[in-house]
Amino acid sequence: MVQILAIESSCDETAAAVVAAPADIRSSVVASQIATHGKYGGVVPELASREHLRAIVPVVREAMTKARAGWADLAAVAVTSGPGLVGSLLVGMTYAKAICAVRGLPLIGVNHIEGHIHAVLLEARADGAEVELPALALVASGGHTHLFEVLPGMHYRLLGKTRDDAAGEAYDKVAKLLGFGYPGGPILDLLAPHGDPDGLRLTLSKMKGNTLDFSFSGLKTAMLRWSRIEDMTGEILARRALQKLHPRPSVEQWLSVTPQRTLDAIAAFQNVVVEELLTRAARAAEACDSRSVIISGGVACNAGLRREARSGRLHCPVYFPTPGLSTDNAAMIAAAALPRFERGEFDDLTLRASANLALA
Ligand code: KG4
Ligand code: ZN
């Protein structure tokens, strides 16, 4: 049995997982740093590196213990080598290299975005299904918003990407300016169904050039302008006070400090983000004659996006990861490493962390 230990530390989650071929997640441990970065409304790179250093040893140990695996049971160690925060990537990479050097195991560097795509392929395989290729993959998270064509043999073609903010980043920034907690995506997603999206008129972005590229900065600016016209001071202070009392408020608690006009604005914002993502995904899937659509990354947790994507507008089967595999985790890194292991494609200890590592 081929078993791979994978380590992921590209952003603000320290994660380790043991996955056995072809699709058995023996363990998947994720230590979140939300409590550390929450008060700053976003990830602080220096703090992230420090937290990874603190968490890496216990997280890997827990993943090994939960999988009931010893070092001798592993065939390789996989690690995210980019894209991401260099200081964060280095912690996972150094630890993975150390294990490989001491235990004589092969090292496999994995692109984080490829990991997000493999989260879906892994779960489909575990369910006894295979995602039909060529597929269209939309990866939308706090750091990236990309459209890829996934071709047989795990080759990728980049079709479009964001020119400014990532979709999750737009959620986080809008949530921050409205006085909600971090990360903002899950909170705004829970509140959106309580608003009327027609309550605020927001327009879709118009761009020259590649019609499969995204842009979310105009939308963010529109939300900022709206929040300045309305006097938000009172409600923002109420939301901050709520978070002092309850670090993770419930929907009801958020609703108690969020008037209808703000709920309407959140619903309108979510509608536009979902529209931006799915219009381009549908256009790309049609242009590539895709057999299936994969939607992954933290924003794939979004209930509005899931509902709309499954409404039939993508004209082919749509695959989402379960929420635990949508946000950053190491099982997806192990999944991306398995085909590389089978092909004998290994990295040596000179593998470098790359903040802007491209997939295609
Ligand atoms: O994939 P991920 O864990 O980390 C990155 O690689 O960036 O994604 C985190 C991002 C955050 O921006 C978060 O706000 C967003 O995913 N997110 C959501 C939802 N859940 C997480 N955005 C919208 N709706 C959600 N339900
Ligand atoms: Zn990610």
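Put simply, the amide H of Ile108, placed in the peptide plane, has neighbours under 5 Å in Val77, Ala78, Val79, Asp347, leaving out anything fewer than 5 places away on its chain.
For segment 132-316, the tally of Lys pairs with Cα-Cα distances below 22 Å comes to 11, considering only residues 8 or more apart or on different chains. For His246, the shell of other residues with beta-carbons less than 13 Å away shows a net charge of +3, using +1 for Lys and Arg and -1 for Asp and Glu.
Ranking Ala167, Ser256, Ser292 by Cα position along the charge dipole of segment 132-316, where only Lys, Arg, Asp and Glu carry charges on their C-beta atoms, puts Ala167 farthest toward the positive end.
Full extension of the segment from Arg228 to Val251, taken as 0.36 nm per residue of separation minus the current Cα-Cα distance, would add 5.8 nm. Ranking Val29, Leu136, Thr94 by how far each Cα lies toward the positive end of the dipole of the chain (charges on Cβ) leaves Thr94 at the top.
The dipole here belongs to segment 174-313: it is taken about the Cα centre, uses +1 on the Cβ of Lys and Arg and -1 on the Cβ of Asp and Glu, and is about 320 debye. If all Cα-Cα distances of segment 132-316 are sorted into 5 Å bins from 0 onward, what percent lands in each bin, rounded to whole numbers? Percent of Cα pairs in each bin: 1, 8, 17, 20, 18, 14, 9, 6, 4, 2, 0, 0. Taking packing as the residue-averaged number of other Cβ atoms within 10 angstrom, the listed peptides 134-140, 170-176 run from highest to lowest as 134-140, 170-176.
Summed over qualifying helices (DSSP H, 4 residues or more, each -39500 (n - 2.57)) and divided by its residue number, the chain shows a 222 nm mean residue ellipticity of -14000 deg cm²/dmol. For the chain, the Cβ-based charge dipole about the Cα centre amounts to some 540 debye (Lys, Arg positive; Asp, Glu negative; other atoms uncharged). The gain in end-to-end length when the Thr203 to Ala98 segment is fully stretched comes to 32.7 nm, 0.36 nm per residue minus the alpha carbon separation. Since only Met154, Leu305, Val59 are under comparison, the one whose Cα sits farthest along the positive direction of the charge dipole of the chain, derived from C-beta charges on Lys, Arg, Asp and Glu, is Val59. Taking every DSSP bridge with both residues inside segment 132-316, close to 65 percent are antiparallel. Convex hull volume of the Cα atoms of segment 107-204, normalised per residue: 176 Å³.
Taking every DSSP bridge with both residues inside the chain, close to 60 percent are antiparallel. Entry note: segment 175-263 has Rg to Rh equal to 1.01, where both radii use alpha-carbon atoms and Rh is the Kirkwood radius. Take each peptide in 216-222, 7-13, count the other Cβ atoms within 10 Å of every residue, and average; sorted highest first, the result is 7-13, 216-222.
Taking every full run of DSSP H in the chain, the ones that stretch at least 24 Å from end to end by Cα along their long axis and average -1.0 or higher on the Kyte-Doolittle scale are 45-66, 86-103, 260-288. When the chain is treated as a Gaussian network with alpha carbon springs shorter than 10 Å, the biggest mean-square fluctuation among Ser311, Ser28, Ser49 belongs to Ser311. For the chain, the mean projected area of the C-alpha convex hull, equal to one quarter of the hull surface, is 17.6 nm². For segment 271-360, chymotrypsin sites (Phe, Trp or Tyr not before Pro) are listed when DSSP marks them as loop and at most 16 other Cβ atoms sit within 10 Å of their Cβ; the list is Phe346. Protection proxy ranking of 321-334, 87-100, by the mean of other Cβ atoms within 10 Å over each peptide's residues and highest first, is 321-334, 87-100. The relative contact order of the chain comes to 25 percent, based on Cα pairs under 8 Å that sit 6 or more residues apart.
Read the figures in this text as sums done on the coordinates, not as results from a lab. Since the structure is predicted, the reported quantities are computational estimates derived from the model, not experimental observations. Because the Cβ atoms are built from the backbone with ideal geometry, glycine has one as well, and the counts that use them run over all protein chains shown.
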